[in-house]
Amino acid sequence: MAIVRRCGEYTEEGILIKFRSTFKLVATLSAIATAALAAPATEPLSINTPVSVVSCGSSVLSYTGGVPPYILFAVKADTPTPELFFIAGPTTDTSATWSPVAYPAGEQAFYQVEDSVGTKAVTATFTVLPGEDESCLED
């Protein structure tokens, strides 16, 4: 930010600023710098639990808060070591679609979103419902 003084007036990037004292100039510049450096407040990261997830169907995930970009995963819930299935990311969108849902009917799973600073949020565990066509599943 360049400030230029001309004939008792100061300009900052084309904006004319008149000051009656050096104190007012310093106070104003301090306020501008503080506002520019202040980090925006963010709400906590959260993700909505889907109403139904159908095998080989589509599932829409929505999430809010945190610090973008985000990475999204589906996680099998009934395994000793979590198995993460990458869905999307990094993305700045606040919703994503997993299609096709690559888990068989009866599978217990949950969704996880992670933001750019490593904060994670998860849905409640859900059971994948049977679909009309499960041809998307690997043998």
Problem - So T81, is it at pLDDT 95 or above and either surrounded by 15 or more Cβ atoms within 10 Å (Cβ to Cβ) or assigned by TED's automatic domain parsing to the domain that holds P50 (or both) - result: no
Handout entry: Condition met for A39 (modelled with pLDDT under 85, within 25 Å of S95 (Cα to Cα) and either small (G, A, S) or not in a loop (DSSP other than H, G, I, E, B) (or both))
Key = yes
Fill in the blank from the handout: In the stretch 78-107, residues that are over 15 Å from L129 (Cα atoms) and in a loop (DSSP other than H, G, I, E, B) total 8
Handout entry: Near pairs, Cβ below 8 angstrom, 6+ apart or cross-chain, from the stretch 116-139 (modelled with pLDDT of 90 or more) to any residue that is among the acidic types (D, E) and in a loop (DSSP other than H, G, I, E, B)
Key = T127/E107; V128/E107
Completion exercise
Selection over the stretch 89-120 where residues are surrounded by 13 or more Cβ atoms within 10 Å (Cβ to Cβ) and within 13 Å of P68 (Cα to Cα) yields a count of 11
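The values are calculated or read from the model by the stated rules, or taken from the named source; none is laboratory data. What you are looking at is a predicted structure, and each value in this text was computed from that prediction instead of being measured. In this analysis, Cβ positions are derived from the backbone assuming ideal geometry, glycine residues included, and neighbour counts consider all displayed protein chains.
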